[in-house]
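Novice: Can you keep this structure in mind? I'll have questions shortly.
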Amino acid sequence: MNLFDVFTRRIAAALAALAERGALPKGLDLTRVVVEPPRDASHGDLATNAAMALAREAGMNPRQLADLIAAELANDADIAAVSVAGPGFINLTLRPAIFTAVLKSALDQGDAFGKGAAVALPRVNVEYVSANPTGPMHVGHGRGAVFGDALANLLAFAGRDVTREYYINDAGAQVDVLARSAFLRYREALGEDVGPIPEGLYPGDYLVPVGKVLAKAHGKALLTKPEADWLPLVRSFAIDAMMDMIREDLAALHVSHAVFFSERTLQDGPDGGAVAAAIAGLSVRGLIYEGRLPPPKGQKDEDWEDREQTLFRSTAFGDDVDRPLLKSDGGYTYFASDIAYHKSKFDRGFAEMIDIWGADHGGYIKRMQAAVKAITDGAGTLDIKLVQLVKLMRNGEPVKMSKRSGEFVTLREVIDEVGRDAVRFMMLFRKNDAPLEFDLAKVLEQSKDNPVFYVQYAHARCASVFRQAQEALPETLLDAASLAAANLSLLTDEGEIALIRLIAQYPRLIEQAAAAHEPHRVAFYLYDLAQGLHALWNKGKDAPQLRFVNHNQPELTQARLALVHAVRCVLASGLGILGVSSPDEMR
């Protein structure tokens, strides 16, 4: 039961009744009418902007229209009071019975409470991580991985058909550097003293085992071959080894992808493959031309060259400048490959695409969205979410780089130290485009200041309440059906009502977080729900009559246990979306 949808429909019915009586014009556009919690809880349970959204179309003063709508809503049996505030906000105070109905709905639905109805189309492609296969993942990659995975979980829970995809950047200069770095380790494995790792090669120890496997497989045979012969072989082997390592790191985070798409495949095939075909398709439509570009203002653009070159008319689709597709050596720019890649997504049936990128790619957004508009004739959409860097700390001090990577602390080292749950929750307890300081010591604290502990402890506390109830009141029925049949009208304490109100917000939260592509909203909500549960527990310590388990009042105890069970279900549901476990005990 989505309380906000229920009253959106009731407001629509009230407006229809007014129109039928001639008090309002018929056929008003209700798409901008929203029902939401009031900013100030003292104003009531719900608020709507209906009067302000419809005033101009209705030809009325917003306040006058608000009074008219309020008078009609006052006839609703589930509304205890209606008030008009400010320029025309309508605030509704609901009768307790409606919250009892919401709680019963949550109990009946259990883990499915808040889940959206299945939506077949459009299918959604969420591409995330897509780290260059040149070494182990660092903490910044981990934030993108967690964000993308949680977003995919959220969209799926909201009813969307989601495919999780990883784009393997296995074409270009960086994988040739990887191959040369692996070849150096191959020589080292054969007993050669290679000395310090030369500037420009990857220095991490993670390539040592790659060199050893190459030495075992080929002996000294590669040493006598020219680079043109050994480089493709070593490159392919090293990329596979790096992707195996990346998959293992992702698995440690419980992140998985349905599709691993190779950039190199876009350029394979006759006449330049999919990249050439995509450019040809744009050319037929007059969107490709030969011209010169002015130098970029105030920022570096790796694709800019002062010469006549092949350009895409991205300005026709909202970009700031047209973009080059071919480099001076005749090779494709990264942008050309990205055009072909996103065309592939659209051709595979994904009209809605979401890319998760690092913050350093912000200048690339307009051109890519312009390209998607062009290659899909406006039928496809691309939302790009930037993920800010993570500053790794320990007790307030920056953490030094890892010997294994040679450049940074690896994601796997962080997971091994603090655990998957802490990494995932804390990566999501900030908006994706906000900087994040991740303190390895603080995320292990057992306190309210550690959000992951605080939320998981709330779930464990719910489980503890049920263990206590089973021991103290063995005759009380605690199965889901019995709890749903409890006399929920006995829940009248303000703390209990506050918890039910929070539970009532969960379906709307899921709907809005999914629409905005913002899984951090789920993490924030869970913290608020945990806070409400802990606050009610603490009240029971000081006032025994408010305790969840009361030997002398079995009927009230069962109602309170029903509330605790609903909180437990919502906590487990939200933590599941975030990819975080729901422990029944904390140690």
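Throughout, read-outs are computed from the coordinates displayed, never taken from laboratory work. Quantities reported herein were computed from a predicted structural model and do not represent experimental measurements. With ideal geometry, Cβ positions are generated from the backbone for all residues, glycine too; neighbour counts draw on all protein chains shown.
Novice: Quick one: give the max-minus-min coordinate of the C-alpha atoms of region 3-94 along each principal axis, largest first, in Å.
Specialist: Principal axes ranked by extent give 33, 25, 21 Å for the Cα atoms.
Novice: Using only Cα positions of region 451-578, each an equal point scatterer, no hydration layer, compute I(q)/I(0) via Debye at q = 0.09, 0.14, 0.23 Å⁻¹ and quote the log10 values to two decimals.
Specialist: Log10 of I(q)/I(0), two decimals: -0.25, -0.60, -1.42.
Novice: Among 574-580, 196-202, what's the highest-first ranking by average C-beta atoms within 10 angstrom per residue? Present the calculation step by step, with values, prior to reporting the outcome.
Specialist: Numbers: 574-580: 24.1, 196-202: 12.3.
Highest to lowest by the protection proxy: 574-580, 196-202.
Novice: Loop only per DSSP, at most 12 neighbouring Cβ atoms within 10 Å: give me the trypsin sites (Lys or Arg not before Pro) in region 182-261, ordered by residue number.
Specialist: Details: sites: Arg185, Arg187, Lys212, Lys216, Lys220, Arg235, Arg247; in loops: Lys220.
Answer by residue number: Lys220.
Novice: State, to one decimal in nm, how far the label point of Ser236 lies from the label point of Ala441, with both points 7 Å from Cα in the Cβ direction.
Specialist: So the label points at Ser236 and Ala441 sit 5.1 nm apart.
Novice: If you average 1/r over all unlike Cα pairs in region 314-465 and invert the result, what Kirkwood radius do you get in angstrom?
Specialist: 18.8
Novice: Helix-derived [θ] at 222 nm for the chain: sum -39500 (n - 2.57) over DSSP H runs of at least 4, divide by residue count, nearest 500? Show your work: numbers first, answer last.
Specialist: Numbers: 19 runs with 282 residues, N = 587.
Mean residue ellipticity, 222 nm, calculated: -15500 deg cm²/dmol.
Novice: Jot down the per residue volume, in cubic angstrom and as a whole number, of the convex hull over the alpha-carbon atoms of the chain. Can you show the working numbers first?
Specialist: Numbers: hull volume 121.6 nm³, N = 587.
For the chain, the hull spanned by Cα atoms encloses 207 Å³ per residue.
Novice: Name the long-range amide H neighbours of Ala47: under 5 Å, sequence gap of 5 or more, or other chain; modelled H, no Pro or chain starts.
Specialist: Those lying under 5 Å, H to H, from Ala47 are Glu36, Leu92.
Novice: What distance in nm separates the simple spin-label points at Ala221 and Arg587, each placed 7 Å from Cα in the Cβ direction?
Specialist: Distance between the two pseudo-spin positions: 5.2 nm.
Novice: Given H placed 1.01 Å from N in the peptide plane, which residues other than close sequence neighbours of Tyr167 have an amide H under 5 Å from its amide H?
Specialist: Correct list: Tyr128, Ser130, Phe261.
Novice: Please give the residues of region 232-271, grouped as numeric ranges, whose backbone N is less than 11 Å from a label point set 7 Å along the Cα-to-Cβ vector of Ala173.
Specialist: Hits in region 232-271 for Ala173 at 11 Å: none.
Novice: Another one. Based on the alpha-carbon gyration tensor of region 451-525, what equivalent-ellipsoid semi-axes (square roots of 5 times the eigenvalues) come out, in whole Å, largest first? Let's see the in-between values first.
Specialist: On the way: eigenvalues 162, 56, 28 Å².
Working through the eigenvalues yields semi-axes of 28, 17, 12 Å.
Novice: What's the extension gain from Ala498 to Val284 if we count 0.36 nm per residue and subtract their Cα-Cα distance? Please report the intermediate quantities before stating the final value.
Specialist: Working: separation 214, 0.36 × 214 = 77.04 nm, distance 6.14 nm.
Extra length available between Ala498 and Val284 comes to 70.9 nm.
Novice: For region 97-128, which trypsin sites (Lys or Arg not before Pro) pass both filters: DSSP loop (anything but H, G, I, E, B) and at most 16 other C-beta atoms within 10 Å? Please list the in-between numbers first.
Specialist: Details: sites: Lys104, Lys115, Arg123; in loops: Lys115.
Sites meeting the loop and neighbour criteria: Lys115.
Novice: What fraction, in whole percent, of alpha-carbon pairs in region 115-265 exceed 18 Å separation? Mind showing how you got there, number by number?
Specialist: Details: 6978 of 11325 pairs.
Above the 18 Å cut-off, region 115-265 has 62 percent of its Cα pairs.
Novice: Identify the residues of region 59-82 with backbone N under 20 Å of a label point that sits 7 angstrom from the Cα of Ala41 along the Cα-to-Cβ direction, or state none.
Specialist: Flagged as within label range: 80-82.
Novice: With just the Cα atoms of region 380-487, tell me how far they stretch along each of the three principal axes, in Å, largest first.
Specialist: Projected onto the principal axes, the Cα atoms of region 380-487 cover 62, 44, 23 Å.
Novice: Now for a different question. Spelling out what I want: for every residue of region 239-248, take phi, set θ = phi - 60°, compute 6.51 cos²θ - 1.76 cosθ + 1.60 (Karplus), and round to whole Hz; glycine and proline get x.
Specialist: For region 239-248, the Karplus-derived couplings read 4, 4, 5, 5, 5, 4, 5, 5, 4, 5 Hz, x marking Gly and Pro.
Novice: If you restrict to DSSP beta bridges whose two residues both lie in the chain, what percentage is antiparallel, to the nearest 5? Show your work: numbers first, answer last.
Specialist: On the way: 21 of 45 bridges.
Here the share of antiparallel DSSP bridges comes out near 45 percent.
Novice: While we're here: Could you derive backbone 3J(HN,Hα) for region 528-535 from the dihedral phi with the Karplus parameters 6.51, -1.76 and 1.60 (θ = phi - 60°), listing whole Hz in sequence and x where the residue is Gly or Pro?
Specialist: My calculation for region 528-535 gives 5, 5, 4, 4, x, 5, 5, 4 Hz in order.
Novice: What is the pair-distance distribution P(r) of region 26-141, computed from all Cα-Cα distances in 10 Å bins starting at 0, with each bin given as a whole percent?
Specialist: 11, 27, 23, 19, 11, 7, 1
Novice: Starting at the first residue of region 483-500, write each ³J(HN,Hα) from the Karplus equation 6.51 cos²θ - 1.76 cosθ + 1.60 with θ = phi - 60°, in whole Hz, x for Gly and Pro.
Specialist: 5, 5, 8, 5, 7, 6, 5, 6, 7, 10, 5, 4, x, 5, 4, 4, 5, 5
Novice: So between Phe260 and Asp111, what do we pick up on full extension, going 0.36 nm a residue minus the alpha carbon distance? Write out the running numbers ahead of the final one.
Specialist: Details: separation 149, 0.36 × 149 = 53.64 nm, distance 3.09 nm.
Extending this stretch completely gives an extra 50.6 nm.
Novice: Between Ala251 and Ala118, how many nm apart are label points set 7 Å from Cα along the C-beta direction?
Specialist: For Ala251 paired with Ala118, the spin-label model returns 3.0 nm.
Novice: What Rg and what Dmax come out for region 201-307 when only alpha-carbon atoms are used, in angstroms?
Specialist: 20.3, 54
Novice: Shifting gears a bit: Compute the helix-to-body angle for 62-73: its Cα long axis versus the longest principal axis of the chain, expressed 0 to 90° and rounded to tens.
Specialist: Rounded to the nearest ten degrees, it is 60.
Novice: Moving to a separate point now. How do Arg32, Arg394 line up, fewest other C-beta atoms within 10 Å first? Walk me through the numbers on the way to the answer.
Specialist: On the way: Arg32 11, Arg394 14.
Going from sparsest to densest Cβ surroundings: Arg32, Arg394.
Novice: Still on this structure: Quote to one decimal, in nm, the extra length available between Leu478 and Gln553 on full extension: 0.36 nm per residue of separation minus the C-alpha distance between them. Working shown, then result.
Specialist: Numbers: separation 75, 0.36 × 75 = 27.00 nm, distance 1.49 nm.
Contour length minus Cα-Cα distance gives 25.5 nm.
Novice: Amide H neighbours of Glu437 under 5 Å, at least 5 residues apart or on other chains, H built in the peptide plane: list them.
Specialist: Lys391
Novice: Restricting things to Cα coordinates, could you compute the convex hull volume per residue of region 287-386 in Å³? Mind showing how you got there, number by number?
Specialist: Values: hull volume 9.9 nm³, N = 100.
Once divided by residue count, the hull of region 287-386 is 99 Å³.
Novice: Okay, next question. One quarter of the convex hull surface, Cα atoms only: what value does that give for region 67-128 in nm²?
Specialist: Result: a mean projected hull area of 8.3 nm².
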